[in-house]
Amino acid sequence: MDYLTRLLIQRSKKKGFRFHPLCKSLGLVNLCFADDLIIFCKGNNKFVQLVKEAFLLFSDATGLVANKAKSTVSFGDISTTCKQRLANILQMEEGSFPLKYLGVNLRPTKWRAADCGIIIDKIHKHLHTWASRNLSFVERAQLIHSVLLGVMNYWMSLFVLPQKITVIIDKCCRDFLWGSNGNRSKMHIPSWEKVCLSKNSGGLGFREGKK
């Protein structure tokens, strides 16, 4: 993969090559992890042909080839005729958004609530595991701070999460902290707003997602 990356970088330095608009500032041509590979470039015959040449050189040197049955090409805002021409050059079927990379939905726009199921599922999985334990308020607070909010903060460092999702996560944390079960909940003295204050201000230092 290092060799392929070098070949792609060499092609990107050729006169006239243009990066994908969202990758230009980073000079980004490809992302790879294990056997997943994404290659980016401007949607133009010349640029796509340069990328294909790099990949053919890589295949000749290593014997590794793309699995066409599992490979697709995704386009931005270009004409149907241009899409067909580029797909013919690459000999790949056109894919659709969102596409999956490392189990995460990727799209050229901001994440939608429907893309965030993986986050909610992870939080619910943790809550289901902890449900049978007799945990104190302090223990629940520690689990929220180190695990549940850790999950949210990780994904928020990668994507701008829709407010609808951060509201759901906040509710999951509140319900778990107060020991809510369905429509019933234990009495709690401090409000959620007080809990989200810094420790110096008398709170627990939680980060409210909607903020």
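The values are calculated or read from the model by the stated rules, or taken from the named source; none is laboratory data. Bear in mind the structure is a predicted one, so any value in this text is a computation, not a measurement. In this analysis, Cβ positions are derived from the backbone assuming ideal geometry, glycine residues included, and neighbour counts consider all displayed protein chains. Ligands, DNA and RNA are stripped out before the accessible areas are found, and what is left, the full protein with its side chains, is counted by its heavy atoms. Shrake-Rupley method; radii C 1.70, N 1.55, O 1.52, S 1.80 Å.
Only residues that are under 16 Å from Ala131 (Cβ atoms) and either at pLDDT 65 or above or open to solvent by less than 40 Å² (accessible area, probe 1.4 Å) (or both) were counted in the range 172-211, giving 9. Taken together, the criteria place Lys83 among residues that are open to solvent by less than 80 Å² (accessible area, probe 1.4 Å), assigned to a helix (DSSP H, G or I) and charged (D, E, K, R).
A quick yes/no check of all residues on (1) at pLDDT below 85; (2) on the phi > 0 side of the Ramachandran plot:
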| site | (1), (2) |
| --- | --- |
| Gln49 | no, no |
| Ser59 | no, no |
| Gly63 | no, yes |
| Asn67 | yes, no |
| Ser74 | yes, no |
| Asp77 | yes, no |
| Lys83 | no, no |
| Asn88 | no, no |
| Pro98 | yes, no |
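Scanning the range 1-47 for residues that are assigned to a helix (DSSP H, G or I), open to solvent by 40 Å² or more (accessible area, probe 1.4 Å) and farther than 30 Å from Thr80 by Cβ gives Asp2, Tyr3, Arg6, Ile9, Gln10.
Any residue that is free of Cβ contacts under 8 Å to residues at least 60 places away in the same chain and more than 30 Å from Cys116 (Cβ to Cβ) - is there at least one of those in the range 70-78? If you could, list the steps in order and put the result at the bottom.
Just the residues of the range 70-78 that are free of Cβ contacts under 8 Å to residues at least 60 places away in the same chain, to begin with: 70-78.
Add one more test, that the residue is more than 30 Å from Cys116 (Cβ to Cβ), and what stays is none.
Within the range 70-78, none of the residues are free of Cβ contacts under 8 Å to residues at least 60 places away in the same chain and more than 30 Å from Cys116 (Cβ to Cβ).
For the range 122-135, the set of residues classified as open to solvent by 100 Å² or more (accessible area, probe 1.4 Å), charged (D, E, K, R) and within 21 Å of Ile165 (Cα to Cα) consists of Lys125 only. Looking across Val167, Val138, one residue alone is closer than 30 Å to Arg107 by Cβ, out of contact with any Phe, Trp or Tyr (no Cβ under 7 Å at 6 or more places or on another chain) and surrounded by fewer than 17 Cβ atoms within 10 Å (Cβ to Cβ). It is Val167. In the range 119-134, the residues that are modelled with pLDDT under 90 form Cβ pairs under 9 Å with partners that are in a loop (DSSP other than H, G, I, E, B) and surrounded by 11 or more Cβ atoms within 10 Å (Cβ to Cβ), at six or more places apart or across chains, as follows: Ile119/Leu161.
For every residue, the table says whether it meets (1) small (Gly, Ala, Ser); (2) surrounded by 13 or more Cβ atoms within 10 Å (Cβ to Cβ); (3) in contact with a Lys or Arg (Cβ under 6 Å, 6 or more places away or on another chain).
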| residue | (1), (2), (3) |
| --- | --- |
| Lys70 | no, no, no |
| Ser79 | yes, no, no |
| Ile89 | no, yes, no |
| Trp111 | no, yes, no |
